[in-house]
Amino acid sequence: MNILESISTALRKGDDEEVAALTQQAVDEGTAPQEILDDGLIHGMNVIGEQFSRHEIFLPDVLLAAKAMYAGMDILKPQLIKDKIPSRGRIVIGTVRGDLHDIGKNLVGIMLKGAGFEVIDLGKDVPAEVFIDRAVSEGASIIGMSALLTTTAPVMQDVTSLLKEKNLDEEIKTIIGGAPVTEKFAQEIGADAYAFDAAKAVECVKNMVQKG
Ligand code: B1M
């Protein structure tokens, strides 16, 4: 078993100490942080998701896996964030109201910071008005929303509608992401961009800022 498979396996066992140690070992051996993330940590989390949907494992197992995921992400964070990059712009991000999944959102935040954006992270379970109020008070030009549940994805539309209602949709752009969300859904709700993963989110945000 190579080290990335070992990270994935340790994550599936919910062994946070082992995940941290193996992630550190992979970094020390010179494996690219993105590879550790994709083929180790995210790979393990995807298997957890499949097992959970087949009822082969239960919620406490998923929670342990999430804790292990964070242990690995803590090691990778400094590798993914480069120092002293001048700010490219300000973005407010959060997971929408009713949704407690924050791993993907945090990853998007880390990658955006790494690309030189100022990220104001509102956390999880964020109501539509809070996204907008904070974007205005922080002078952010972009709102990034994450949702992992089919039941919470519609909350994103509350934000896009409210922005229109307040005539703020020209000055504040929106980007959405998360497993139940698609490009088509983004168009339907009037979001300005959709990103499948964190790398794509960075690309989209860079384009949005350039367009002004
Ligand atoms: Co839950 N969960 N969960 N869960 N969970 C899912 C999402 C689910 C698909 C599992 C399944 O059944 N197969 C399912 C949703 C089904 C659906 O709605 N269609 C589900 C369910 C049902 C639930 C509960 C309802 C379970 C229950 O209570 N019976 C419950 C809901 C709680 C709530 O939110 N109100 C629940 C709870 C939990 C935990 C708390 C135990 C835990 C979350 C811990 C945490 O986040 N701190 C958890 C987890 C870990 C998962 C799975 C297994 C993994 C999610 C994850 O972190 N993936 C997930 C199954 C799965 O997705 N395979 C599942 C890794 C992460 C890096 O990927 O978040 O997709 P992801 O982020 C990606 C992209 O989506 C994208 O980029 C990221 C990085 O590349 N992206 C963006 C995300 N946000 C973006 C924003 C952007 C751009 C891109 O722009 C701003």
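The values are calculated or read from the model by the stated rules, or taken from the named source; none is laboratory data. As the structure is a prediction and not an experimental result, all values here were calculated from the model. We place every Cβ from the backbone using ideal geometry, glycine too, and count neighbours over all the protein chains shown. Areas reflect the complete protein model, heavy atoms only, side chains present, ligands, DNA and RNA absent. Shrake-Rupley method; radii C 1.70, N 1.55, O 1.52, S 1.80 Å.
Descriptive notes on the structure:
- Test: residue in segment 168-184 that is at positive phi, surrounded by 19 or more Cβ atoms within 10 Å (Cβ to Cβ) and assigned to a loop (DSSP other than H, G, I, E, B): yes
- In this structure, Asp133 does not qualify as touching a helix residue (DSSP H, G or I) at 6+ places or on another chain (Cβ under 9 Å), open to solvent by 70 Å² or more (accessible area, probe 1.4 Å) and either at positive phi or assigned by TED's automatic domain parsing to the domain that holds Ala198 (or both).
- For segment 1-35, the set of residues classified as farther than 19 Å from Val47 by Cα and among the β-branched types (Val, Ile, Thr) consists of Val27, Thr31, listed by residue number.
- Within segment 82-105, restricting attention to residues that are out of contact with any helix residue (DSSP H, G or I) (no Cβ under 7 Å at 6 or more places or on another chain) and in a helix (DSSP H, G or I), the residue that is farthest from Glu50 (Cα to Cα) is Lys105.
- Boolean, Ile143 is modelled with pLDDT of 95 or more, under 17 Å from Glu171 (Cβ atoms) and touching a Ser or Thr at 6+ places or on another chain (Cβ under 8 Å): yes
- Filtered residues of segment 113-127 (kept if modelled with pLDDT of 95 or more and either more than 11 Å from the ligand (Cβ to nearest atom) or open to solvent by 40 Å² or more (accessible area, probe 1.4 Å) (or both)): Ile120, Asp121, Leu122, Lys124, Asp125, Val126, Pro127
- Condition check for Ala140: within 10 Å of the ligand (Cβ to nearest atom), more than 14 Å from the chain's Cα centre (by Cα), part of a loop (DSSP other than H, G, I, E, B) and aliphatic (A, V, I, L, M): no
- Contact annotation: residue pairs with Cβ atoms under 6 Å, 6 or more positions apart or on different chains, pairing a residue in segment 185-204 that is on the phi < 0 side of the Ramachandran plot and of a type in the set (Phe, Trp, Tyr) with a partner that is open to solvent by 80 Å² or more (accessible area, probe 1.4 Å) and part of a helix (DSSP H, G or I), are Tyr194/Glu183.
- Only one of Asp192, Asp158 that is under 18 Å from Lys124 (Cα atoms), surrounded by fewer than 22 Cβ atoms within 10 Å (Cβ to Cβ) and charged (D, E, K, R): Asp158
- Scan segment 11-42 for residues that are within 22 Å of the chain's Cα centre (by Cα), in a helix (DSSP H, G or I) and over 10 Å from Leu76 (Cα atoms) and the total you get is 10.
- Residue in segment 101-112 that is in contact with an Asp or Glu (Cβ under 8 Å, 6 or more places away or on another chain), within 11 Å of the ligand (Cβ to nearest atom) and open to solvent by 70 Å² or more (accessible area, probe 1.4 Å) present: no
- Subset tally (residues that are open to solvent by 50 Å² or more (accessible area, probe 1.4 Å), away from the ligand (no atom under 13 Å from the Cβ) and out of contact with any helix residue (DSSP H, G or I) (no Cβ under 6 Å at 6 or more places or on another chain)) for segment 24-81: 7
- The number of residues in segment 172-200 being at pLDDT 95 or above and closer than 24 Å to Gly139 by Cα comes to 14.
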